[in-house]
1. Kindly indicate whether Val104 is surrounded by 15 or more Cβ atoms within 10 Å (Cβ to Cβ), out of contact with any Lys or Arg (no Cβ under 7 Å at 6 or more places or on another chain) and either over 17 Å from Gly173 (Cβ atoms) or free of Cβ contacts under 8 Å to residues at least 60 places away in the same chain (or both).
2. Give the residue, chosen from Val139, Val160, Val134, that is of a type in the set (Val, Ile, Thr) and at pLDDT below 95.
3. Kindly establish whether Gly114 is surrounded by fewer than 21 Cβ atoms within 10 Å (Cβ to Cβ) and either within 14 Å of the chain's Cα centre (by Cα) or polar (S, T, N, Q) (or both).
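The values are calculated or read from the model by the stated rules, or taken from the named source; none is laboratory data. Quick caveat: nothing in here was measured; it's all calculated off a predicted structure. Reconstructed Cβ throughout: ideal geometry from the backbone, glycine too, with neighbour counts over all protein chains shown.
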Amino acid sequence: MYLMRFGLMVLVGVAIGGFMGYVGKCSSGQCPLTANPGRGALIGGILAALFGAAALFNTAQVTAATPPSNRATSPRPGDPASPVLHLNGEDAFRKEVLEYKGLVLVDFYADWCGPCRSLAPILEEFATESSGAVKVIKVNVDQNASLADRYQVRSIPNLVLFRDGKVVETRLGLQTKDALRSWTDAHRAHRAPETPEPAAAQSAPTNG
């Protein structure tokens, strides 16, 4: 990116210098250095290169001086440091969602979706603060059309809450972190108690 900007600045300098050389040409014996298209382009390119190098050096210093905590970053799919799991494929979905015992929040999204991008950092914070009480998963609808069709995803972001592999509720659109917490807490609080295993029948003693 920096090299592209530098090259663009040099090209602009060459163009401006060449134009000035063309319109500023003279026939007298004492003419400025730029009174020739070729010389003007050369001098313009050199000046643009110097200004471009100075600007890039200043940008690099500012970036290096910025604390990492103040830099805008977004976790990439598959980033091991991210608390949100990005899934791709039926097998991974079955293992991480359908066979999981507990609450799973699945975000059906797409990279081109603006509200989905706004929701991403909210899900990151929510997943971090939930400390594993709720597993948070993202599924790209463009790469997993069959899953999107199965759960009738017609608009995104589409949040589907699973409990023990079963869909319990769906919400559409951008959500706040507090709304996500209240939503999932309600389903955790109203979880149906597990049915105890029936005791093995004891045979009545027989008189010999």
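1. Answer is no for this residue.
2. Val134
3. When the stated conditions are applied, Gly114 passes them.
Condition check ((1) surrounded by 15 or more Cβ atoms within 10 Å (Cβ to Cβ); (2) within 20 Å of Lys95 (Cβ to Cβ); (3) touching a Phe, Trp or Tyr at 6+ places or on another chain (Cβ under 9 Å); (4) among the hydrophobic types (A, V, I, L, M, F, W, C)) across all residues:
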position	(1), (2), (3), (4)
Val134	yes, yes, yes, yes
Val141	yes, yes, yes, yes
Ala148	yes, yes, yes, yes
Ser155	no, no, no, no
Val160	yes, yes, yes, yes
Asp178	no, no, no, no
Thr184	yes, no, yes, no
